[in-house]
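These notes are about the structure you will find just below.
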Amino acid sequence: MVSLTAIGAGLAVIGAGIGIGNIGSKAMEAIARQPEAVGDIRSNMILMAALIEGAALIAILLAFFV
């Protein structure tokens, strides 16, 4: 029987993967449209990916501790 902890952690990982994938694809589209802004776009992309990973880590820890 699958535990609720495994389901919660799995959903957190899947959500983080989808979110970071969307960030990467939208950043590539933005760079293709405006190549001169590549530095700003890249730094914002890395910052948002780090925030999503942090939120996913918190969600995984909450799944284990609750």
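Every number in this text was worked out from the coordinates using simple rules, so none of it is lab data. Since the model is a prediction, treat every value here as computed from it, not as a measurement. Don't worry about glycine lacking a Cβ; one is built from the backbone with ideal geometry, like all the others, and counts go over all protein chains shown.
What is the helix-to-structure angle for 38-65, meaning the angle in degrees between its Cα long axis and the longest Cα principal axis of the chain, kept from 0 to 90 and rounded to the nearest 10?
Orientation of helix 38-65: about 0 degrees from the principal axis.
Between F64 and I14, what is the label-to-label distance in nm when each label sits 7 Å out along the Cα-to-Cβ direction?
Placing both labels 7 Å along Cα→Cβ, they lie 2.1 nm apart.
By how many nm would the segment from N22 to L47 lengthen if fully extended, with 0.36 nm per residue of separation less the alpha-carbon distance?
7.6 nm
Where does the chain land at 222 nm, in deg cm²/dmol rounded to the nearest 500, when only DSSP H runs of n ≥ 4 count, each adding -39500 (n - 2.57), divided by all residues?
-31500 deg cm²/dmol
Computed FRET efficiency, Cβ-Cβ of I7 and E29, R0 35 Å: what is it to the nearest 0.05?
That gives a FRET efficiency of 0.60.
Using only Cα atoms, what Kirkwood radius does the chain have, in angstroms?
13.1
Relative to the longest principal axis of the chain, what angle (0 to 90°, nearest 10) does the C-alpha long axis of helix 4-33 take?
0
Between A16, A56, A27, which gets the highest mean-square fluctuation from a Gaussian network model of the chain, Cα cutoff 10 Å?
So, out of A16, A56, A27, the one fluctuating most is A27.
Report the local net charge at R42: Lys and Arg +1, Asp and Glu -1, summed over other residues whose C-beta lies under 13 Å from its C-beta.
-1
How far is the Cα center of the range 1-16 from the Cα center of the range 37-55, in Å?
With the range 1-16 and the range 37-55 each reduced to a Cα centre, they are spaced 25 Å.
In what order do R42, R33 fall by count of nearby beta-carbon atoms within 10 Å, going from fewest to most?
With the fewest neighbours first, R42, R33 line up as R33, R42.
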